[in-house]
Amino acid sequence: MGSGEWEVESQASKFFDPHSPFPTLHSRSFYEESEDLRARLEEINRRIAAACGRAGRQVAEVTLVAASKTVPAPLIREAIEAGVRTLGESRIQDAATKIPELKAISAEYDVRWHLIGHLQSNKARRAVELFDAVHSVDDFKLAERVDRIAGGLDKRLKVFIEVNLGGGRSKAGDAPDKVLPLCEQIGELPRLELVGLMAVPPFFDDPEDARPFFQRLRRLRDEALQSGAAGEQFKDLSMGMTNDFEVAIEEGATFVRIGTALFGARDYT
């Protein structure tokens with residue numbers, strides 16, 4: 001995943017004013033942020049449960065990935081203590097500092113770290129060392145490299161194929177018509193467990209406008225399963241962010257990547 005997710009989350013953050021429940025991360029004291037974080041997490045969980053209820057789904061089917069890009073380690077620690085169990089980082093260099101710093105508490109609470117940002121081939125080794133899952137595989141050569149590294153580290157890694165549903169050249173992700181062949185190729189790699197698809201739709205002021213994109217990703221997942229291009233473990237859909245996660249859940253999301261609504265608006269510069 002390239003800059004698309006950062007752009008979408010940054011655009012979403014513009015809709016939160018300083019007096020809302022989602023203040024700017026750097027505008028308030030750490031104490032105030034940690035006090036509010038539990039309330040924000042409770043509200044997100046309530047909204048996840050409501051969306052599941054509307055879709056006739058179980059809450060346990062949906063995992064909140066707390067998108068912690070630019071969030072300092074002490075506040076991530078607060079999030080873990082508040083109940084967050086899956087963290088999503090976008091930059092390898094930031095994760096390389098924060099994950100080791102939070103190693104003890106991550107082990108204590110069985111926290112999983114996911115790479116939700118774009119993965120460059122030259123950073124693949126560090127990504128395999130640090131993360132439990134990668135949401136942004138979109139090329140077989142990259143998948144082969146990740147597989148070789150995982151083999152050398154005696155590790156099995158969960159991966160998602162990122163799909164470019166918007167069609168923009170600047171966006172990362174494989175084209176939808178190439179997803180099934182890529183599923184078959186990655187399925188042959190012994191150290192990668194291909195678990196699903198990920199996408200970042202264009203940003204819309206009205207979350208309902210994102211619904212067709214989520215529907216398309218779900219259909220792609222179902223087609224891969226029905227055609228035999230992917231195995232039975234290929235069930236996950238990583239889709240939905242602060243602005244549209246409820247619609248994504250209604251359309252089958254199993255992982256929602258939420259940053260602004262949990263940690264507040266952030267400066268991505």
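Read-outs throughout are calculated quantities, based only on the coordinates presented, and are distinct from any laboratory measurement. Treat the numbers as computed from the prediction; the structure is a model and nothing was measured. Glycine also receives a Cβ, built like all others from the backbone with ideal geometry; neighbour counts cover every protein chain displayed.
What spacing in nm lies between the two simple spin-label points modelled at residue 121 and residue 215, each 7 Å away from Cα in the Cβ direction?
Result for the modelled spin labels: 3.8 nm.
Calculate, in nm to one decimal, what residue 188 and residue 129 gain on full extension: separation in residues at 0.36 nm each, minus their alpha carbon distance.
Working: separation 59, 0.36 × 59 = 21.24 nm, distance 2.15 nm.
Going from the current span to full extension adds 19.1 nm.
Enumerate by residue number the chymotrypsin sites (Phe, Trp or Tyr not before Pro) in segment 221-269 meeting two conditions: DSSP loop (anything except H, G, I, E, B), and at most 16 other Cβ atoms within 10 Å of the site's Cβ. Let's see the in-between values first.
Numbers: sites: 234, 245, 255, 263, 268; in loops: 234, 268.
Hits after loop and neighbour filter: 268.
Summing Lys, Arg as +1 and Asp, Glu as -1, what charge do residues with Cβ under 9 Å from the Cβ of residue 86 carry, residue 86 excluded? Mind showing how you got there, number by number?
Working: positive: 85, 112; negative: 132.
Combined, the nearby Lys, Arg, Asp and Glu give +1.
List the pairs from 69/103; 69/155; 158/235; 98/235 whose alpha-carbon separation is above 21 Å, in the order I gave them. Present the calculation step by step, with values, prior to reporting the outcome.
On the way: 69/103 17 Å; 69/155 25 Å; 158/235 12 Å; 98/235 30 Å.
Pairs exceeding the cut-off: 69/155; 98/235.
Residue 222 versus residue 97, label points 7 Å from Cα toward the beta carbon: distance in nm?
That separation, rounded to one decimal, is 4.5 nm.
Calculate, in nm to one decimal, what residue 36 and residue 81 gain on full extension: separation in residues at 0.36 nm each, minus their alpha carbon distance. Let's see the in-between values first.
Working: separation 45, 0.36 × 45 = 16.20 nm, distance 1.32 nm.
Extra length available between residue 36 and residue 81 comes to 14.9 nm.
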